[in-house]
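The block underneath contains the structure these notes are about, expressed in structure tokens.
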Amino acid sequence: MAANWRVATAALRRHLRSPPPTIRESTGALSAANQRRSYTTAFADDDDDPRGKWLTLPPFSPTIDAAAVGKELSFGDGDSIVKGSTDGSTTALRWILRCRPDLPRNLVQKLFRLRQVRRQVVVPMSCELQRSQLKRVAAKESLNVGDRIYLPLSVGNDAPPPAKKERFRCSEEERKFVCSLVLYKDPAIIVLNKPHGMAVQGGTGVKTSIDELAATCLTFDKSESPRLVHRLDRDCSGLLVLGRTQTAATLLHSIFREKTSGASAYGVKKNIKSLKRKYLALVIGCPRRQRGQISAPLRKVVVDDGKSDRITVNVNGELVSTQHAITEYRVVESSPHGYTWLELRPLTGRKHQLRVHCAEVLGTPILGDYKYGWQAHKTREPFVSPENTRTKPSPSPFGLDMEGGDVSSKQPHLHLHSKQIDLPNICQLLEKLEVSPDSDISDLDGLKFDAPLPTHMQLSFNLLKSRVESSDNC
């Protein structure tokens, strides 16, 4: 009896240790399993199982190539189809940096050098079974759609803690002031009417900038902070466009960049049609011609023993680094008191382009431009009007000088204002590209923005009794 029990126990142990039988479905019968065939992925061994051992990144998926879209939109061949609007491939290094921007680039490169980065590779075993393996991947190896990248779990400990960037703190009154600058907002862009005296970007001697204030006050329903896509001088006022997402910002930046490169390379005839800008300026004097086009290269020169620099026209054709700059101008109205309202259209976007072209080419520096028109301001007499009544200046947010500075002041503010901008509807364009990479943009709407004059220019406008007539067809 005991011997029989030992034999039965041994047989049971052998049965439990043996692998389960493989069940194969008949190819001749259409079973329910065949009709709803599901492909199962199994890992080859325990080392390939990423669960609990690896940090998994999202599968690679094509993204909108915003830079290519901006270029295609700028210099399309007229067929109203945006081609090549998606970035269908990327490298393993770029995908890791995109998914984990908190990881330093040198740390990610070190992981590749130590061969600690894996890529999931699916190997078919049969018609219904697939085996997944983790293979080492090189930094410059291209990824296919759906590929996953795995990093060692220790990367979370090796990565330095994210630097806590202290956001600019502002009062409720200051927040309301910043929000009052918004002229337009949609899911893709924000358009501001920048006041005179506020810097666009931080730097030496800059306490408050649009870049900081946008991150604090203008995020609204977005998790991302608005991004700058072009610049305005600190003393220049008017329209400033910001992108609300990385894709929108890249697309807008490409449009502004292609505007400059297109005008420089091809001239006005093939210049971009998706972006138009108009500035209004009050200058000292009057140009000899009522309208014209200025095409003068600019270069940077160092002054004050290297302490500062300025931009000047390269008139002698010296073999130095220059930037091609083109500006169209039109006399809006001349005043008998020696001032002229000019409409300026920059076809390129060079630093201080409008100020230098007005001062050095037209010989009519912009009122309030002491950097390029200091000689004209030395002999200038403040305009006096019997109707000029001044009130006691009231305190302004961020210490901005919102009072005075008009043509009757001894030290007037810069009279240069970004008045109008025409842009394609970026939000509508991105929505189209999300639906189809090759989208028809023949019905793409345009956006037109017009910023009211700042206080000091409006006062000068009233004092000189000028009437500015804006024309969209000129």
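A short reminder: the numbers here are calculations on the coordinates, not readings from a lab. Fair warning: this is a prediction, and the values are worked out from it, not measured in the lab. Counting neighbours? That spans all protein chains shown, and the Cβs are built from the backbone with ideal geometry, glycine included.
Among the chymotrypsin sites (Phe, Trp or Tyr not before Pro) in region 288-382, none sits in a DSSP loop with a Cβ that has at most 11 other Cβ atoms within 10 Å.
When the Cα gyration tensor is reduced to axis lengths a ≥ b ≥ c, the ratio a/c is 1.5 or higher for region 320-432, and with a/b not above b/c it is classed as oblate. Measuring between alpha carbons in the structure, the pairs from Lys71/Lys176; Lys207/Lys448; Lys222/Lys276; Lys351/Lys371; Lys176/Lys222 lying more than 25 angstrom apart are Lys71/Lys176; Lys207/Lys448; Lys222/Lys276.
Annotation: amide H of Asp406 within the under-5 Å range of His413, sequence separation 5 or more or interchain, hydrogens built in the peptide plane. Amide H contacts for Gly349 (H built 1.01 Å from N in the peptide plane; partners 5 or more residues away or on another chain; cut-off under 5 Å): Thr260. Extension gain, Asp450 to Ser142: 0.36 nm times the residue separation minus the Cα-Cα distance gives 106.3 nm.
Given +1 at the Cβ of Lys and Arg, -1 at the Cβ of Asp and Glu and no other charges, the dipole of region 172-272 around its Cα centre is 440 debye to the nearest 20. In region 172-272, the convex hull through the Cα atoms has an average projected area of 7.5 nm², a quarter of its surface area.
For the pair Gln293 and Thr91, what calculated FRET efficiency results from E = 1/(1 + (r/R0)^6), where r is the Cβ-Cβ distance and R0 = 51 Å, to the nearest 0.05?
My answer for the efficiency is 0.70.
Along region 239-245 the Karplus relation, 6.51 cos²θ - 1.76 cosθ + 1.60 evaluated at θ = phi - 60°, assigns HN-Hα couplings of 5, 9, 9, 10, x, 8, 10 Hz to successive residues, with x for each Gly and Pro. Estimated at 0.36 nm per residue, the fully extended path between Val206 and Ser61 surpasses their Cα-Cα distance by 48.1 nm. Evaluating 6.51 cos²θ - 1.76 cosθ + 1.60 at θ = phi - 60° for every residue in region 369-376, the Karplus couplings come out as 9, 7, 6, 10, x, 5, 5, 5 Hz, glycine and proline recorded as x.
Annotation: amide H-H contacts under 5 Å for Leu55 (H modelled 1.01 Å from N, sequence separation of 5 or more, or interchain): Leu151, Leu153.
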